[in-house]
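K.L.:
Starting off with a structure, shown below.
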Amino acid sequence: MTHTSTTEPVEDSPSETPEEGRIAEPQDGKALKRVMSSRHLFMITLAGVIGTGLFLGTGQVIGQAGPGGTIVAYIVGGVLLYLTMVCLGELSVVMPVSGSFQAHATKFIGPGTGFTIGWIYWLSWASFIGLEFLSAGIIMRYWFPNTPTWVWSAFFIVVLFLINCFTARSFAETEYLLAGIKVLAVAMFIVLGALAMFGVIGMRDQAPPFLSNFTEHGGFFPTSIGAVFAAMMTVVYTFMGSEVMGVAAGETRNPSKAVPRAVKTIVFRLVFLYLGAIVILVALIPWQKVGLNESPFVTVFNSIGIPYSASLMNFVVLIAVLSVGNTGLYMCTRILWSLSKEHAAPRAFGRTTKRGIPFIALVVTLVFGLFSLLSSIVAADTLFVFLISVSGIGGALSWMAIAWSQFRFRRQYVRDGGRVSDLPYAAPWFPVTPVLVIVMNIAVFVAMGFDPTQRLSLILGLGIVPVCYAIHRFAVKGRQPVQPQRA
């Protein structure tokens, strides 16, 4: 659908402009629009990582690895997050397209890899969208027990669908608000918890613990160092979602300035929030008792005496669930749009409204999310298990694709006579950075293979990779324009 705009459009397939040291994109009349600002990009990335994994999943990690193991696991996860983000930052500046790492993989690795990564990543997010809406409906029953769950689920489906239908800026403003609430909740938890930890604020039926819970109850590593590897799987997955920065960069004004600014600040603030919350949790509650019956955040707020703490955290978790659903709709829609530009998905997915929204791709994503939710009821032991398995490894595969794309781009750029100092943003410590990202993610897969509870998910999740390559080879490749492969 043709449209005109006074804003800078996000176009289709990239072409090089060596004199600018970056990659520009030609228009084709089916473009998205650059309507997001730097503040949107920062908060969207922040919101992509702070989700239910932090508010609900930390108890599982602490119970598995103990205080020391949990802290080490989150530090290692934070390092992996940083290394991935700097790789993505370099690519997103030189090639700021809404398809992000999927489009990067197509150009710098190959169309087969771009096809595979794009569809696996889309499946990984779209499979969870329906579950997020169901979770939101279940959470609302805490306050409205007599209202059927489906009523609230349907309400949130309509709301988030309309938000994503309007403009990319409406999505960005909504995500900005949701991210602000989540960050405020975590910051408040860290401050109040620290005050209680050192006795400034009293705790119910408990003396100030100071640092005793780090040394007692079995010590710093009560479950052995080996438990860190098992916990790493959960920790890495909690950081997934940060790659939304690359997707949103394609609709952000002046990405050459906005992306480096986001990369330089986002990781350290995220790690501070995560590590700060983890330290407070293990300091205030013995690790064996964290998250056994409720969210560890609720446990701490109750012990401090915060009124309506359960309702407060229920609200925060609701915000986190809606934020994930909102981000999932946005990212899946843009991935489908990008795939259609490369003839790796139906052309209809590339059509945009006058406001620059890939409407058909949005509808298809939502319908598939609801189909995934239905499969959890009618095919829980077959199709749903497969979809969840793909979701489990989709993020790690995308991080590996980001690193490999950046490695090949940098090598190609230097070989063609480019100077690293001319890049608007360059990932440090090349080539160690992308290699470490790949090695660390492979280590996560290896750890999953040794865990009986994760082994089936690993096999099913990785099993779709050769299937996608085969589909591309025999059904898609002939319809795609030939791209010169240099590396």
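The values are calculated or read from the model by the stated rules, or taken from the named source; none is laboratory data. The model shown is predicted, which means the values in this text are computed figures rather than measured ones. Because the Cβ atoms are built from the backbone with ideal geometry, glycine has one as well, and the counts that use them run over all protein chains shown.
K.L.:
Does at least one position in region 177-190 carry a residue that is among the basic types (Lys, Arg), in a helix (DSSP H, G or I), in contact with a helix residue (DSSP H, G or I) (Cβ under 8 Å, 6 or more places away or on another chain) and closer than 21 Å to Val271 by Cα? Steps first, please.
P.N.:
Of the residues in region 177-190, the ones among the basic types (Lys, Arg) are 182.
Still in the list and also in a helix (DSSP H, G or I): 182.
Narrowing further to those that are in contact with a helix residue (DSSP H, G or I) (Cβ under 8 Å, 6 or more places away or on another chain): 182.
Filter once more, so that each one left must be closer than 21 Å to Val271 by Cα: 182.
Checked against the condition, which is being among the basic types (Lys, Arg), in a helix (DSSP H, G or I), in contact with a helix residue (DSSP H, G or I) (Cβ under 8 Å, 6 or more places away or on another chain) and closer than 21 Å to Val271 by Cα, region 177-190 yields at least one hit.
K.L.:
List, please: which pairs have Cβ atoms under 7 Å, are six or more places apart or on different chains, and start with a residue in region 395-413 that is touching a residue at least 24 places away in the same chain (Cβ under 8 Å) and over 18 Å from Trp119 (Cα atoms) and end with one that is small (Gly, Ala, Ser) and buried (at least 22 other Cβ atoms within 10 Å of the Cβ)?
P.N.:
Qualifying pairs under 7 Å: Gln406/Ala427.
K.L.:
Restricting the search to region 173-225, which residues are basic (Lys, Arg) and over 34 Å from the mean Cα position of the chain (by Cα)?
P.N.:
Looking only at region 173-225, we keep the residues that are basic (Lys, Arg), and these are 182, 204.
If the condition is that a residue be basic (Lys, Arg) and over 34 Å from the mean Cα position of the chain (by Cα), then Arg204 is the only one that fits.
K.L.:
Is it true that Leu160 is modelled with pLDDT of 90 or more, at negative phi, among the aliphatic types (A, V, I, L, M) and surrounded by 20 or more Cβ atoms within 10 Å (Cβ to Cβ)? If you could, list the steps in order and put the result at the bottom.
P.N.:
On the way: modelled with pLDDT of 90 or more: yes; at negative phi: yes; among the aliphatic types (A, V, I, L, M): yes; surrounded by 20 or more Cβ atoms within 10 Å (Cβ to Cβ): yes.
In short, yes.
K.L.:
Then there's this: Would you call Ser92 among the hydroxyl-bearing types (Ser, Thr, Tyr), within 15 Å of the chain's Cα centre (by Cα) and buried (at least 24 other Cβ atoms within 10 Å of the Cβ)?
P.N.:
On the way: among the hydroxyl-bearing types (Ser, Thr, Tyr): yes; within 15 Å of the chain's Cα centre (by Cα): no; buried (at least 24 other Cβ atoms within 10 Å of the Cβ): yes.
Against the criterion (among the hydroxyl-bearing types (Ser, Thr, Tyr), within 15 Å of the chain's Cα centre (by Cα) and buried (at least 24 other Cβ atoms within 10 Å of the Cβ)), Ser92 does not qualify.
K.L.:
Next question, about the same structure. Just checking, which of Arg169, Arg204 is among the charged types (D, E, K, R) and under 27 Å from Ala248 (Cβ atoms)? Give the derivation first.
P.N.:
On the way: Arg204 fails: under 27 Å from Ala248 (Cβ atoms).
Among Arg169, Arg204, only Arg169 is among the charged types (D, E, K, R) and under 27 Å from Ala248 (Cβ atoms).
Residue-by-condition table, conditions (1) among the small types (Gly, Ala, Ser); (2) in contact with a helix residue (DSSP H, G or I) (Cβ under 7 Å, 6 or more places away or on another chain); (3) crowded, with 23+ Cβ neighbours inside 10 Å; (4) under 25 Å from Phe189 (Cα atoms):
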| residue | (1), (2), (3), (4) |
| --- | --- |
| Val321 | no, yes, yes, yes |
| Gly325 | yes, yes, yes, yes |
| Tyr330 | no, yes, yes, no |
| Ile335 | no, yes, yes, no |
| Leu339 | no, yes, yes, no |
| His343 | no, yes, no, no |
| Ala348 | yes, yes, no, no |
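K.L.:
Additional query: Kindly indicate whether Thr106 is at pLDDT 90 or above and buried (at least 24 other Cβ atoms within 10 Å of the Cβ).
P.N.:
On the way: at pLDDT 90 or above: yes; buried (at least 24 other Cβ atoms within 10 Å of the Cβ): yes.
Considered against the rule, which asks whether it is at pLDDT 90 or above and buried (at least 24 other Cβ atoms within 10 Å of the Cβ), Thr106 comes out as yes.
K.L.:
Only one of these conditions is not met by Val259: (1) within 18 Å of the chain's Cα centre (by Cα); (2) within 30 Å of Asn314 (Cα to Cα). Which number is it?
P.N.:
Checking Val259 against (1) within 18 Å of the chain's Cα centre (by Cα); (2) within 30 Å of Asn314 (Cα to Cα), the one that fails is (2).
K.L.:
Follow-up. Report whether or not Phe371 is surrounded by fewer than 23 Cβ atoms within 10 Å (Cβ to Cβ) and at negative phi.
P.N.:
Details: surrounded by fewer than 23 Cβ atoms within 10 Å (Cβ to Cβ): yes; at negative phi: yes.
When the stated conditions are applied, Phe371 passes them.
K.L.:
Six or more apart or on different chains, Cβ under 8 Å: which pairs go from a residue in region 420-442 that's in contact (Cβ under 8 Å) with a residue 12 or more places away in the chain to one that's in a loop (DSSP other than H, G, I, E, B)? Could you list them?
P.N.:
Asp422/Gly21; Leu423/Gly21; Pro424/Gly21; Thr433/Ala427; Pro434/Ala427
Okay, residues lined up against (1) at pLDDT 80 or above; (2) under 30 Å from Phe133 (Cβ atoms); (3) surrounded by fewer than 23 Cβ atoms within 10 Å (Cβ to Cβ); (4) within 18 Å of the chain's Cα centre (by Cα):
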| residue | (1), (2), (3), (4) |
| --- | --- |
| Glu8 | no, no, yes, no |
| Pro14 | no, no, yes, no |
| Glu20 | no, no, yes, no |
| Ser37 | yes, yes, yes, no |
| Ile44 | yes, yes, no, yes |
| Ile71 | yes, no, yes, no |
| Leu83 | yes, no, no, yes |
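A quick yes/no check of all residues on (1) among the polar types (S, T, N, Q); (2) over 22 Å from Leu46 (Cα atoms):
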site: Thr106; (1), (2): yes, yes
site: Pro111; (1), (2): no, yes
site: Phe115; (1), (2): no, yes
site: Trp119; (1), (2): no, yes
site: Trp122; (1), (2): no, no
site: Phe144; (1), (2): no, yes
site: Thr167; (1), (2): yes, no
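K.L.:
Shifting gears a bit: Counting only residues that are in contact with a strand residue (DSSP E or B) (Cβ under 6 Å, 6 or more places away or on another chain) and surrounded by fewer than 16 Cβ atoms within 10 Å (Cβ to Cβ), how many does region 302-319 have?
P.N.:
Qualifying residue count for the region: 0.
K.L.:
Residue under question is Ala426, and the condition is that it be small (Gly, Ala, Ser) and surrounded by fewer than 22 Cβ atoms within 10 Å (Cβ to Cβ); does it hold? Walk me through it before giving the result.
P.N.:
On the way: small (Gly, Ala, Ser): yes; surrounded by fewer than 22 Cβ atoms within 10 Å (Cβ to Cβ): yes.
Taking the combined requirement at face value, the residue satisfies it.
K.L.:
Taking the conditions exactly as written (touching a helix residue (DSSP H, G or I) at 6+ places or on another chain (Cβ under 6 Å) and either surrounded by 19 or more Cβ atoms within 10 Å (Cβ to Cβ) or free of Cβ contacts under 8 Å to residues at least 24 places away in the same chain (or both)), does Ala231 satisfy them or not?
P.N.:
Details: touching a helix residue (DSSP H, G or I) at 6+ places or on another chain (Cβ under 6 Å): yes; either surrounded by 19 or more Cβ atoms within 10 Å (Cβ to Cβ) or free of Cβ contacts under 8 Å to residues at least 24 places away in the same chain (or both): yes.
Yes.
K.L.:
Out of the residues in region 247-271 that are small (Gly, Ala, Ser) and out of contact with any Gly (no Cβ under 8 Å at 6 or more places or on another chain), which is surrounded by the fewest Cβ atoms within 10 Å (Cβ to Cβ)? Quick ask: steps written out before the conclusion?
P.N.:
From region 247-271, those small (Gly, Ala, Ser) are 248-250, 256, 258, 262; that's our starting set.
Imposing the further condition that a residue be out of contact with any Gly (no Cβ under 8 Å at 6 or more places or on another chain) reduces the set to 248-249, 256, 258.
Numbers: Ala248: 32, Ala249: 29, Ser256: 17, Ala258: 25.
Only one residue tops the list, namely Ser256.
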